[in-house]
Amino acid sequence: MTEAAPPADTGHEYADDAYAVVIPTLGRPGLTVCLRALARSGGPRPVRLVLVDDRPEPSVAALTDEVPEQLRPLTTVVRGGARGPAAARNAGWRAAGRVPWIVFLDDDVVPSPSWGEDLALDLAGATYRTGAVSARIDVPLPPDRRPTDWERNTAGLATARWITADMVYRRAALEAVGGFDERFRRAFREDADLALRVLAAGWAVADGSRRTTHPVRPADRWVSVRLQAGNADDVLMTRLHGRTWWSRAGAPRGRLPRHLTVTGVALTALACAGLGRRRAAAACAGLWLAGTAEFALARIVPGPRTRDELVTMALTSVAVPPAAVWHWLRGQVVHRNTPPVTAHETGEPPRPSRAPDPERVPS
C-alpha cells in the first residue's frame, strides 16, 4: 500500500468494464467490515482501491491494517485534507488513473456476497450513454421494536436516489461535469447535485441490481439538530438547479415551512413580551407550544416511546426549528450570488465511434 502520487498509468489500457473503488474515510470502525466484505464478494475484482483519508491528521500506516491482504496490492491511500466527502471523492477518482468506471462506497457500508458479480452485470448492461449506475441500499432496522427517529432517518437511504453510499460513475461522465461540487462540505446533497449535472449533460443514470447494506451507525441525542445544517445545502441546490430540483431528485421537502412558522411565532412572543404586550406574547407563546408539541408527537408516535427517546424528542423538537431556520438563512447569505448550472458546465456525452447496438440504446 502506498500514498498516492499523480496517476502513473496515463497510457494504460483497461477493459471496458474495469473499475476502481474509491472510499473516503474518517477511520471509522465500519471501514474494516466494508473492506472485508469487498474482499469476499464474488466476481471481478477492482483494478484499484483508493482510500481517501479525510481526517485532519491522516496516516497511511493507520489504514494499512484495515485492508485485507488480497486487496493491499491494489490499494493506494490519498490525503483528503479534511474538506468533506465531495472533495475526498474527487481526490479519490482522480488518483485512480484511467480506469473506465469509478465505484464510490461509504466507509460504513457492507457490500453483499454477490456484489462483485452483480456489479459486473450492472456494467455489462450499460450503454454508451450510461453515465452512472445506482445500487440497491438495505438499511437493517431492529426486528424487536419500533425504530427510533434517527433509525428512521437512516432508513430513508433505502429509497433515496443516487446516493454515493454505493454509486458507480463512468470516468468520462465525471470528467465532463468536473466531478463533485466541493461546496457541499457534508455528506448531503452532493450526490443529488452530481447526478442532476450528469443528467443535464445528456448522460443516463441507470438503476443497478447489486445490493449493499448501510447499517445505522451510533449517534448521540443531538444528531437531529446537527443535521439541520443541510438546509443551507438545500439553498445551494435551489440556486444551482432551480426550484424543480426536489421533484427531479425525488427528495422530500421536509418541514422547513413549519419550522419557519414556529420559529417566527417564538420570536414574536419574545418581542411582544419585551414591549410589555402580555396578551399578544401569551397568544404567540401558545402557538409556539402547539407547533412544538405537534412536531414532537409526529416524531414520538412512530418510535419505540422509551424514556430516553421521549426525552430526546422533547429536547430536540425545541431546538430543531430554530436550527433549521438559522442554517436556511445562512445558506441564503452564503449562496446569494451562486449562478445556476449552465450547459457549458455540464458538457455532453461522447458519441460512439460506430453505430451502437439498437438493443442497448435507451429509449
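The values are calculated or read from the model by the stated rules, or taken from the named source; none is laboratory data. Just so it is clear, the structure is predicted and the values come from calculations on it, not from any experiment. So basically every Cβ, Gly included, is an ideal-geometry build from the backbone, and we count neighbours across all protein chains shown.
Worth a mention:
- Whichever residue in region 225-252 is of a type in the set (D, E, K, R) and within 25 Å of T342 (Cβ to Cβ) and, among such residues, is surrounded by the fewest Cβ atoms within 10 Å (Cβ to Cβ): R243
- Residue in region 200-211 that is crowded, with 17+ Cβ neighbours inside 10 Å and hydroxyl-bearing (S, T, Y) present: no
- Looking across region 89-106, the residues that are touching a strand residue (DSSP E or B) at 6+ places or on another chain (Cβ under 8 Å), of a type outside the set (K, R) and either surrounded by fewer than 23 Cβ atoms within 10 Å (Cβ to Cβ) or outside any strand (DSSP E or B) (or both) come down to A91, G92, W93, A95, A96, G97, V99, P100, D106.
Yes/no per residue for (1) of a type in the set (D, E, K, R); (2) within 20 Å of N153 (Cα to Cα); (3) at pLDDT below 95; (4) under 20 Å from the mean Cα position of the chain (by Cα):
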| site | (1), (2), (3), (4) |
| --- | --- |
| A251 | no, yes, yes, yes |
| L287 | no, no, no, no |
| A290 | no, no, no, no |
| M313 | no, yes, no, no |
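- Filtering region 60-73 to residues that are modelled with pLDDT of 90 or more and more than 16 Å from A37 (Cα to Cα) leaves only P73.
- The test for being exposed (fewer than 14 other Cβ atoms within 10 Å of the Cβ), of a type in the set (D, E, K, R) and at pLDDT 95 or above holds for R307.
- Of the residues making up region 214-224, just one is crowded, with 18+ Cβ neighbours inside 10 Å and not in a loop (DSSP other than H, G, I, E, B), namely S224.
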